[in-house]
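Worksheet: the structure to be examined is printed underneath.
The values are calculated or read from the model by the stated rules, or taken from the named source; none is laboratory data. The structure presented is a predicted model; accordingly, all values stated were derived computationally and were not measured. SASA here: full protein model, heavy atoms, side chains in, ligands and nucleic acids out. Shrake-Rupley method; radii C 1.70, N 1.55, O 1.52, S 1.80 Å.
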Amino acid sequence: MAGDNPTLAAANESTGLEPLNAQPKSPQPPKQDTSADSIPTPLTYLPSQYKPIMFPLDLGSRTSNNQSISSLPSANQFEDLVKAKILPPGPTRAEEVSVGTISDSYADALDAVRDVVDDRQVKVYKVETGVQKGEYYIVGLHLKSERIIGVRV
């Protein structure tokens, strides 16, 4: 693969190794993201006002408090999660609100999140950060990928 470059040819000949920047022998297909970090497809079809989110399940702290990992975090735990993962500016406060409170306004988001989480169980948190208006987080558990998955609106 040294081509017409005598220096690369000599290096290849003396070491028996291809150079680090060698060209691929054939076109490579684009890599598909199959990791647990990929956003579930139904959430990608939502309008742009909905921001898909994923948080890892914090198994260590939740099991040490004898809380089952089959339940979503409390408002205080969710507040800590938002602070740690999103790093909002200023003080942050989270409160759990009833799904019925937002069901008319965000029915499409509720349905999309229910479609990707275990047992179609969701919680809604209203999170206020600094002087910004509050944002709603519609989330549920996805135990297979050990994530809390949902949308922020």
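What is the gain in length, in nm to one decimal, between Ala107 and Lys51 on full extension, counting 0.36 nm per residue of separation less the C-alpha to C-alpha distance? Mind showing how you got there, number by number?
Values: separation 56, 0.36 × 56 = 20.16 nm, distance 1.50 nm.
Length difference between fully extended and current span is 18.7 nm.
Using 0.36 nm per residue and subtracting the Cα-Cα separation, the extra length available between Glu95 and Ser38 on full extension is 17.8 nm.
Using C-alpha positions alone, give me the convex hull volume of segment 65-153 per residue in cubic angstrom.
Values: hull volume 8.7 nm³, N = 89.
For segment 65-153, the hull spanned by Cα atoms encloses 97 Å³ per residue.
At the residue level, Thr44 shows approximately 80 square angstrom of accessible surface with a 1.4 angstrom probe and all protein chains present.
Dividing the mean sequence gap of close Cα pairs (under 8 Å, 6+ apart) by how many residues segment 88-133 holds gives a relative contact order of 62 percent. For segment 107-123, the Karplus equation 6.51 cos²θ - 1.76 cosθ + 1.60, evaluated at θ = phi - 60°, returns couplings of 4, 5, 5, 4, 5, 5, 5, 4, 5, 10, 9, 5, 6, 6, 8, 10, 10 Hz by residue, with Gly and Pro reported as x.
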